[in-house]
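Chemist: Before I ask anything, let me first share the structure, which is written out below as structure tokens.
The values are calculated or read from the model by the stated rules, or taken from the named source; none is laboratory data. No experiment lies behind these values; they were computed from the predicted model shown. A quick note on method: Cβ atoms are made from the backbone with ideal geometry, for glycine too, and the neighbour counts reach across all protein chains shown.
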Amino acid sequence: MVSRIPCRRTLALWLALASPPVALADDFYVSISRGKGKDATKEKPAKDLGNIVSKLKAGDTVHIAEGAYVGRDESGSDSIPVAVKILGGYADDFSKRDPWGAHRTILSGTPAISGSTQYRLIIDAGACPSDVVVDGIIFDNGPRNHYKDEKNLLILRKADAQKGLNATPESGAIKMDLGAGCVGLVQNNVVLNTAPTGGAIQVKGGQDARATVRNNLVVNNTGEGIFVQSSWKPRDGKGLPQFTVAHNTVLFAWKHDPIATYGGNGLKMDQEVQLTASNNVFAFGDYGGVDNIKKAKGITLKDNLFVGHKLYDYREFNTSVKVSELEDEADELKDSTGNVSKLVKFPVGERFAQLYAARKEVSRAEVDAKAKVSNSGANAIRSLLGLPLQAGGVALDADTFLPRIDVDEALPAGASAYDGSFGCTKP
């Protein structure tokens, strides 16, 4: 007896009928100025991203118009459990985009004790049938932070129940968790005034995940400016998540608190990652530029600009290295060519520059004694910020720590690349 084999056309039909239907991706629209309800269409947008999270499915895209958003019920945090694209910087009619200029989409919050202290935007993608994207958003935690007084010069990490004020959130702006095989993109964003223990931008990848962090301006945050992590820890070293960190400008990375021994780096990485970091600016880290304390192997660190760090330009476990020593002393760098340290001016607002340059550090003498960087010290920093040189002192208590920087003070530092090739540019 001859068995019958179905023709290809019939077999394809059987497979199609047996497979679950794939939901088509949708576009949703959000506008703080004219949003109402949950239709989230271009003609009838929703009022806040948080109001439509329950409607989102993998593959959807959310377009957010200009304005300041504080989250659903003023929570100050949005958590999305599927792979989506979040795009900001639109005019209110969604006809054009200018995310760092005329049409700024700002995700922020309030310091109310009823609010969240989680990351401002969390995307936990899990398995990804589509890419995950965050593009063109300004994240400003200044309005969420708890400051000592109305001068906004010193953050407090304890809540004040009597005043109804939350603790300054120990979290950053973007937390993206990519499952196995996922592809993520974080680009054209501005992050300022966040006070995390971890990363202001924090991306974690699973097996064979790929993520790109590109053309972001990260200014005035504690912890790590950019932190790339792995949720896949293979014994054979295969399938490591791959990260590309390129053309970002990371300035003023503060340690966790005035006497902390952690944080204060432009870029940090887990051990189980593959990383290429190129054409970035890492400047004014309380500890360093790039921290490879866990000794991730085969890293490419090339064509980056390092300026004004306190202890090291690059750290590998407990070995502090300055830029000129990278090719000689770094063991885990596959390519370390083209990195430089030079004096360039950073056009942040003069008010903030004065505050930063004049801050009094608890352990300044100890920090200076341990420093192994190409350019540092109080007067070097003043010069890089375009301020006159002067004598300085050391205080026992910090009266300025993570002072609030305004968006308009920060944006000029990311408007164009330094020396034509280092850092971000206005999208």
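Chemist: Against the condition within 20 Å of the chain's Cα centre (by Cα) and not charged (D, E, K, R), how does residue 68 come out, does it pass?
Modeler: Against the criterion (within 20 Å of the chain's Cα centre (by Cα) and not charged (D, E, K, R)), residue 68 qualifies.
Chemist: May I ask you to verify whether residue 298 is crowded, with 24+ Cβ neighbours inside 10 Å and in contact with a strand residue (DSSP E or B) (Cβ under 9 Å, 6 or more places away or on another chain)? Steps first, please.
Modeler: Details: crowded, with 24+ Cβ neighbours inside 10 Å: no; in contact with a strand residue (DSSP E or B) (Cβ under 9 Å, 6 or more places away or on another chain): yes.
No, not satisfied.
Chemist: Additional query: Please specify each residue of the stretch 121-140 satisfying the condition of being outside any strand (DSSP E or B) and either acidic (Asp, Glu) or touching a residue at least 60 places away in the same chain (Cβ under 8 Å) (or both).
Modeler: Of the residues in the stretch 121-140, the ones outside any strand (DSSP E or B) are 127-131, 136-137.
Scanning the stretch 121-140 gives 128, 129, 130, 131, 136, 137.
Chemist: Let me ask you something else. When you scan the stretch 269-295, how many residues do you find that are surrounded by fewer than 21 Cβ atoms within 10 Å (Cβ to Cβ), of a type outside the set (Val, Ile, Thr) and outside any loop (DSSP other than H, G, I, E, B)?
Modeler: 1
Chemist: Further, regarding this structure: Can you report the number of residues in the stretch 406-421 which are farther than 19 Å from residue 220 by Cβ and not small (Gly, Ala, Ser)?
Modeler: Initial filter on the stretch 406-421 (farther than 19 Å from residue 220 by Cβ): 416-417, 419-421.
Then keep just the ones that are not small (Gly, Ala, Ser); that gives 419.
Adding up the residues that qualify gives 1.
Here is a yes/no grid of residues against (1) of a type outside the set (Gly, Ala, Ser); (2) outside any strand (DSSP E or B); (3) under 25 Å from residue 425 (Cβ atoms); (4) over 11 Å from the mean Cα position of the chain (by Cα):
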{"residue": "119", "(1), (2), (3), (4)": "yes, yes, no, no"}
{"residue": "162", "(1), (2), (3), (4)": "yes, yes, no, yes"}
{"residue": "167", "(1), (2), (3), (4)": "no, yes, no, yes"}
{"residue": "195", "(1), (2), (3), (4)": "no, yes, no, yes"}
{"residue": "202", "(1), (2), (3), (4)": "yes, no, yes, no"}
{"residue": "225", "(1), (2), (3), (4)": "no, no, yes, no"}
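Chemist: Of 324, 231, which residue is touching a residue at least 40 places away in the same chain (Cβ under 8 Å), farther than 25 Å from residue 185 by Cβ, small (Gly, Ala, Ser) and surrounded by fewer than 17 Cβ atoms within 10 Å (Cβ to Cβ)? It would help to see each step written out before you state the result.
Modeler: On the way: 231 fails: farther than 25 Å from residue 185 by Cβ.
The conditions single out 324.
Chemist: If you go through the stretch 307-350, how many residues are outside any loop (DSSP other than H, G, I, E, B) and among the β-branched types (Val, Ile, Thr)? Let's see the steps before the verdict.
Modeler: Start the filter on the stretch 307-350 by keeping residues that are outside any loop (DSSP other than H, G, I, E, B), which leaves 307, 312-316, 319-321, 323-329, 333-335, 340, 350.
Going one step further and asking which of them are among the β-branched types (Val, Ile, Thr), we end up with 307, 319, 321, 323, 340.
Qualifying residue count for the region: 5.
Chemist: Okay, next question. Test each condition in (1) small (Gly, Ala, Ser); (2) within 16 Å of the chain's Cα centre (by Cα); (3) not in a strand (DSSP E or B) for residue 239 and report the one that comes out false.
Modeler: That leaves (2) as the condition not met.
Chemist: Another question, then. So which residues in the stretch 100-130 are within 24 Å of residue 58 (Cβ to Cβ) and crowded, with 24+ Cβ neighbours inside 10 Å, if there are any at all?
Modeler: Listed by number, the residues that qualify are 105, 107, 119, 120, 123, 125.
Chemist: For the stretch 329-374, enumerate the residues that are among the acidic types (Asp, Glu) and either touching a strand residue (DSSP E or B) at 6+ places or on another chain (Cβ under 7 Å) or at pLDDT 75 or above (or both). Give the derivation first.
Modeler: Of the residues in the stretch 329-374, the ones among the acidic types (Asp, Glu) are 329, 331-332, 335, 350, 361, 366, 368.
If the condition is that a residue be among the acidic types (Asp, Glu) and either touching a strand residue (DSSP E or B) at 6+ places or on another chain (Cβ under 7 Å) or at pLDDT 75 or above (or both), then 329, 331, 332, 335, 350 are the ones that fit.
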